[in-house]
Amino acid sequence: LIGGKFNSNVKFEYMCKIGTCVLFTSVDGKMGRYDTVKKSFCMLRIPTDITKFSCMIDIHNTIYAGSNAGIIYYNTLTHKIGRISVQHPSSPSPEVKYMFADSRNRIWTLTGSDGAILINSQNNTKQWVNTDCSKINFHTSSTMPFVYEDHNNTVWIVANGGTFSYYDEATGKLHPYKLQSEGFDYANLPNLDMYFLDKQGNMWFTCTHDLM
């Protein structure tokens, strides 16, 4: 993948490649860059309060790494390193646990707080979203982080503290969607265990009693 070898005393956990740049991050908060043309590797200087990385994604020429203190981004063209805070009055946790990039180049971020943070990668503005569960009598959680975009460009998500929902582009809100079991008198499905996206764009997931 990277076309060469290098030595490092850091145990890297995640990697992401754009063009000739390969970015590595470790679980203990270190970041390194490998140039596939120059065959060179160097450690990058990042904020000292970063002690853990949890995930990486890329959008166009920028690599985003989720950490214990926001998102660290690296522009592979300008070599600029910056940070995006994921904190919001309704979501005070600074920790990023999962990220998903949709077709509109937005970053869906699950943190240590309820809901999700939706970030516009063009200007780094953010929006807190969560499903209003106060008026529904069903709830579907997920064992693993769940954010998915279907072939109609609709984003489906199980936000922290929420339920299985879709994002309404017109209203900018999450709306709950009831998952029912056809084999158990249409009972509500309480939990998603695993999911898989096939080549036709279909989402398959296993639940407590079903494969859907």
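Computed values, structure above
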{"item": "Residues located in the range 144-183, provided they are under 13 Å from residue 110 (Cβ atoms) and assigned to a loop (DSSP other than H, G, I, E, B)", "result": "144, 145, 159, 161, 162"}
{"item": "Any chance residue 161 is over 16 Å from the mean Cα position of the chain (by Cα), at pLDDT 85 or above, open to solvent by less than 40 Å² (accessible area, probe 1.4 Å) and under 27 Å from residue 71 (Cβ atoms)", "result": "no"}
{"item": "Residues within the range 106-125 that are open to solvent by 40 Å² or more (accessible area, probe 1.4 Å) and either part of a loop (DSSP other than H, G, I, E, B) or in contact (Cβ under 8 Å) with a residue 40 or more places away in the chain (or both), tallied", "result": "6"}
{"item": "Filtered residue count, the range 65-98, keeping only those that are open to solvent by less than 10 Å² (accessible area, probe 1.4 Å) and either assigned to a strand (DSSP E or B) or within 17 Å of residue 14 (Cα to Cα) (or both)", "result": "10"}
{"item": "Which listed residue is surrounded by 15 or more Cβ atoms within 10 Å (Cβ to Cβ) and either without any contact (Cβ under 8 Å) to a residue 12 or more places away in the chain or more than 13 Å from the chain's Cα centre (by Cα) (or both), from 134, 142", "result": "142"}
{"item": "Residue check, residue 114 acidic (Asp, Glu) and within 22 Å of residue 32 (Cβ to Cβ)", "result": "no"}
{"item": "Count - residues of the range 1-20 that are modelled with pLDDT of 90 or more, within 19 Å of residue 53 (Cα to Cα) and either acidic (Asp, Glu) or assigned to a loop (DSSP other than H, G, I, E, B) (or both)", "result": "1"}
{"item": "Tally of residues being open to solvent by less than 80 Å² (accessible area, probe 1.4 Å), under 16 Å from residue 205 (Cβ atoms) and at pLDDT 90 or above across the range 172-191", "result": "0"}
{"item": "Neighbours by Cβ (under 6 Å, 6+ apart or cross-chain): first from the range 34-45, modelled with pLDDT of 90 or more; second open to solvent by less than 50 Å² (accessible area, probe 1.4 Å) and of a type in the set (A, V, I, L, M, F, W, C)", "result": "34/2; 34/22; 44/31"}
{"item": "Single residue of 28, 58, 35 found to be on the phi < 0 side of the Ramachandran plot, within 18 Å of the chain's Cα centre (by Cα) and open to solvent by 20 Å² or more (accessible area, probe 1.4 Å)", "result": "58"}
{"item": "The lone exception for residue 23 - which of (1) part of a strand (DSSP E or B); (2) over 18 Å from the mean Cα position of the chain (by Cα) it fails", "result": "(2)"}
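The values are calculated or read from the model by the stated rules, or taken from the named source; none is laboratory data. Just so it is clear, the model here is predicted, and its values are computed rather than measured. Don't worry about glycine lacking a Cβ; one is built from the backbone with ideal geometry, like all the others, and counts go over all protein chains shown. Ligands, DNA and RNA are stripped out before the accessible areas are found, and what is left, the full protein with its side chains, is counted by its heavy atoms. Shrake-Rupley method; radii C 1.70, N 1.55, O 1.52, S 1.80 Å.
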